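Here is the structure we will look at, set down as structure tokens.
The values are calculated or read from the model by the stated rules, or taken from the named source; none is laboratory data. As the structure is a prediction and not an experimental result, all values here were calculated from the model. Heads up, the Cβs are rebuilt from the backbone with ideal geometry, glycines too, and the neighbour counts pull from every protein chain shown.
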């Protein structure tokens, strides 16, 4: 029997970045693969329709289908807890594990764990979001002791359009945020092409950069009993954070 590591990823329906990016991150590991389940997300705002997209049941239904593939971890590969509150993700993970018996996490909870593990309290925030979403994310982090000292956002409600933001634009936003010398920077959206440029930008700025597609992979690997440090060339997260 072949020993395989199977990672389940819950994917917003209009996201075209995280699936190929996750597969690229894992491409050097012959025994590790990611498998994806989708549910409906087409807009990121504080409107009633947009908020209603993140009810737990559609995610749980998608998680149950991933469980059929015998994945060893399930990650909600999205950042909605940034504006809905971290308890939304904590509750979701408990419900997924209760229904499937599989350990679950999210991009945001993984990022928070990384901040705690590395002692980060002052961070920089890069997103494509509207003002109202950006403000909510900053307040959510502040409520748990994390201070956003610099931020850039694109005033876009997306969600599909986020995937069309160039790596150059993202890199310029990161460089602007880095000027305030945060202890870490997060590229906070799983439909941005941020993960591939992290390694180069870390070398340039000297600041650890945590992309939320990468944080999801990092945590799912750990929950599946695999070693994230086997992933090379995708930033300090995989080589320095245990």
Filter region 73-100 down to residues that are in a loop (DSSP other than H, G, I, E, B) and surrounded by fewer than 19 Cβ atoms within 10 Å (Cβ to Cβ), then give me how many there are.
-> 1
Candidates 171, 195 - the one that is in contact with a helix residue (DSSP H, G or I) (Cβ under 6 Å, 6 or more places away or on another chain), surrounded by fewer than 20 Cβ atoms within 10 Å (Cβ to Cβ) and in contact (Cβ under 8 Å) with a residue 12 or more places away in the chain = 171
Restricting the search to region 198-214, which residues are surrounded by 24 or more Cβ atoms within 10 Å (Cβ to Cβ), touching a residue at least 40 places away in the same chain (Cβ under 8 Å) and closer than 10 Å to residue 235 by Cβ?
-> 210, 214
For residue 198, are the conditions met, namely being more than 14 Å from the chain's Cα centre (by Cα), modelled with pLDDT of 95 or more and closer than 24 Å to residue 129 by Cα?
-> no
Return the only residue of 137, 165, 126, 149 being out of contact with any helix residue (DSSP H, G or I) (no Cβ under 6 Å at 6 or more places or on another chain) and surrounded by 18 or more Cβ atoms within 10 Å (Cβ to Cβ).
-> 165
Could you identify the single residue in 50, 34, 30 that is over 16 Å from residue 6 (Cβ atoms) and either buried (at least 21 other Cβ atoms within 10 Å of the Cβ) or over 18 Å from the mean Cα position of the chain (by Cα) (or both)?
-> 50
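It is to be established whether one or more residues within region 162-173 are more than 21 Å from residue 13 (Cβ to Cβ), touching a strand residue (DSSP E or B) at 6+ places or on another chain (Cβ under 6 Å), part of a helix (DSSP H, G or I) and not assigned by TED's automatic domain parsing to the domain that holds residue 80.
From region 162-173, those more than 21 Å from residue 13 (Cβ to Cβ) are 166-173; that's our starting set.
Okay, now just the ones that are also touching a strand residue (DSSP E or B) at 6+ places or on another chain (Cβ under 6 Å), so 173.
Cutting the leftovers down to part of a helix (DSSP H, G or I) gives us 173.
Narrowing further to those that are not assigned by TED's automatic domain parsing to the domain that holds residue 80: 173.
Yes - at least one qualifying residue is present in region 162-173.
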Go over the candidates 213, 174 one by one and state the one that is at pLDDT 95 or above and over 15 Å from residue 26 (Cα atoms).
-> 174
Which condition does residue 24 not pass, out of (1) in a helix (DSSP H, G or I); (2) without any contact (Cβ under 8 Å) to a residue 60 or more places away in the chain; (3) within 27 Å of residue 3 (Cα to Cα); (4) out of contact with any strand residue (DSSP E or B) (no Cβ under 9 Å at 6 or more places or on another chain), if it passes all the others?
-> (2)
Of the residues that sit in region 175-190 and are surrounded by 21 or more Cβ atoms within 10 Å (Cβ to Cβ) and touching a strand residue (DSSP E or B) at 6+ places or on another chain (Cβ under 7 Å), which one is farthest from residue 14 (Cα to Cα)?
-> 182
Residue in region 215-227 that is farthest from residue 108 (Cα to Cα), counting only those that are touching a helix residue (DSSP H, G or I) at 6+ places or on another chain (Cβ under 7 Å) and buried (at least 22 other Cβ atoms within 10 Å of the Cβ) | 221
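Can you say whether residue 158 is out of contact with any strand residue (DSSP E or B) (no Cβ under 9 Å at 6 or more places or on another chain), over 17 Å from residue 10 (Cβ atoms) and either in a helix (DSSP H, G or I) or without any contact (Cβ under 8 Å) to a residue 60 or more places away in the chain (or both), as far as the supplied structure shows?
no
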